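Working notes for the structure below.
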């Protein structure tokens, strides 16, 4: 299978999943709607923030967090808790190239690789560490969230290489956050290689958008 065929098949399969994966539930009304992040077609709908449940399973992660002495957010206060965290993260990342996305009660920080890593490297750019320092400080302040770090690549290169690179980059970001005080019980990583494009890999602009690390924040809720 040539590269273009692989890219087209990947986009077709992911697009066919959109009606199921793009739905979110309004915490106040219980109504199922299409996430704002999914509006605008395939380009905006195939990102890692539509990947479903927590890495490693909700029960196992929750047990680790409870064991670490981290509390949970009461149901009625979840929206406000995430609103305040979103506001602060938007202030800290303004002008850095990081995109803060709200998906229901979850938040995703979409970090393009060109501002976070050198080409083909998992070493965090020195200039980006200040931004990550601020992000980490907010995560420490708002500790009642799971922190999933997700690595993604474009389709250039082999599947195996892209998978390994995405894993290394996710691990680098998670390790850096951990070194800045984010508790390890909250952190989990996963690399998706080229399997979760949010734009077409047929042009450079799309490939650049697909090379990214995402930090997904999910509230730890009572019950």
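The numbers here are math on the coordinates, done by the rules we state, and not lab data. Please read these numbers as outputs of a predicted model, since none were measured by experiment. All Cβ positions, glycine included, derive from the backbone under ideal geometry; neighbour counts span all protein chains shown.
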Ordered by fewest other Cβ atoms within 10 Å, a rough proxy for footprinting exposure, 73, 218, 115, 135 read 115, 73, 218, 135
A correct fewest-to-most ranking of 125, 63, 194, 143 by other Cβ atoms within 10 Å would be 63, 125, 143, 194
Exposure proxy check on 59, 186, 207: fewest-to-most Cβ neighbours within 10 Å is 59, 207, 186
Note to self: C-alpha centroids of the stretch 184-223 and the stretch 104-170 sit apart, in Å, by 8 Å
Note: residue 168 to residue 222 extended length (0.36 nm per residue) minus current alpha-carbon separation gives 16.2 nm
By the Cα gyration tensor axes a ≥ b ≥ c (a/c under 1.5 gives rounded; else a/b larger than b/c gives prolate, otherwise oblate), the shape of the stretch 53-125 is oblate
The simple spin-label model distance between residue 59 and residue 156, using points 7 Å out along Cα→Cβ, in nm, is 4.4 nm
